[in-house]
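Below is one structure; the comments refer to it alone.
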Amino acid sequence: MQQLRARAMRRLPVAFGWLTKRGDAVTARWLQPVLTQPEIRRDTVRMLRAALADKQLLVRAAEALPAFTGPALIVWAAEDRVMPPEHGRRLAALFPQGQLAEVADSYTLIPLDQPAQLGQLIRDFIHAPGVIKR
C-alpha cells in the first residue's frame, strides 16, 4: 500500500488508473487511513481475506437478483475497462424491472468522474412513474 502514496502508482491500471478518470485526489484521501493507521490496515486485510474466502458469494448474490421485483436502476460507465458495458446490460436484464443508464466520459467510479450526471439519473429515476414512493 505504501507505493500508492505516489500519484503515478495510483494511476496504474492495477491500482485506480482504470477505475477513475479524474478522481485521483479522492482516491489518495481514501488511502490515508490504510497508510497511517495500523488498526485500519489490519481490518482491511481481514475484510479482503473474508470476502475472497467464499468463492460462491457473488454467484449466490447474482442468482437472487431476479427475485427483486421492484424498479432497479443500473448506472454503468460506457468506457469502463474493468467492468465492461456488456456486464451492465446483463445485470440490468437480471431484474424484472431493470433499467440501464450508460454514462459517457467515465470509468468504473462514476460518482467521482460524473457526479452531476449520476445525481440527475437518480433524481429522474426516483421521480419516474411506477417507482415506489415511501
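The values are calculated or read from the model by the stated rules, or taken from the named source; none is laboratory data. The structure displayed is predicted, hence computed values, not measured ones. Neighbour counts run over all protein chains shown; Cβ positions are idealised from the backbone, glycine included. Ligands, DNA and RNA are excluded from the accessible area calculation, which covers all protein heavy atoms including side chains. Shrake-Rupley method; radii C 1.70, N 1.55, O 1.52, S 1.80 Å.
Within the option set GLY130, GLY119, being within 24 Å of ASP24 (Cα to Cα) and either loosely packed, with under 12 Cβ neighbours inside 10 Å or small (Gly, Ala, Ser) (or both) holds for one residue only, GLY119.
Residue-by-condition table, conditions (1) farther than 22 Å from ALA15 by Cβ; (2) in a helix (DSSP H, G or I); (3) touching a Pro at 6+ places or on another chain (Cβ under 7 Å); (4) among the β-branched types (Val, Ile, Thr):
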residue: ARG29; (1), (2), (3), (4): no, yes, no, no
residue: MET47; (1), (2), (3), (4): no, yes, no, no
residue: THR69; (1), (2), (3), (4): yes, no, yes, yes
residue: ALA72; (1), (2), (3), (4): yes, no, no, no
residue: GLY88; (1), (2), (3), (4): yes, yes, no, no
residue: ALA101; (1), (2), (3), (4): yes, no, no, no
residue: VAL131; (1), (2), (3), (4): yes, no, yes, yes
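Hey, among LEU19, LEU4, which residue is assigned to a loop (DSSP other than H, G, I, E, B), in contact (Cβ under 8 Å) with a residue 24 or more places away in the chain, closer than 26 Å to TYR107 by Cα and aliphatic (A, V, I, L, M)?
LEU19
Among the residues of the stretch 77-107, how many are open to solvent by less than 30 Å² (accessible area, probe 1.4 Å), out of contact with any helix residue (DSSP H, G or I) (no Cβ under 7 Å at 6 or more places or on another chain) and under 22 Å from GLY23 (Cβ atoms)? Of the residues in the stretch 77-107, 3 are open to solvent by less than 30 Å² (accessible area, probe 1.4 Å), out of contact with any helix residue (DSSP H, G or I) (no Cβ under 7 Å at 6 or more places or on another chain) and under 22 Å from GLY23 (Cβ atoms). If THR108 passes every condition in (1) modelled with pLDDT of 95 or more; (2) in contact with a Leu (Cβ under 6 Å, 6 or more places away or on another chain) but one, which one does it miss? It is condition (1) that THR108 fails.
Confirm whether LEU35 is hydrophobic (A, V, I, L, M, F, W, C) and at pLDDT below 95.
Values: hydrophobic (A, V, I, L, M, F, W, C): yes; at pLDDT below 95: yes.
Judged against the criteria, LEU35 is a match.
Could you tell me whether any residue of the stretch 47-56 is surrounded by 10 or more Cβ atoms within 10 Å (Cβ to Cβ) and more than 29 Å from GLN114 (Cβ to Cβ)? Scanning the stretch 47-56, I find at least one residue that is surrounded by 10 or more Cβ atoms within 10 Å (Cβ to Cβ) and more than 29 Å from GLN114 (Cβ to Cβ), so the answer is yes.
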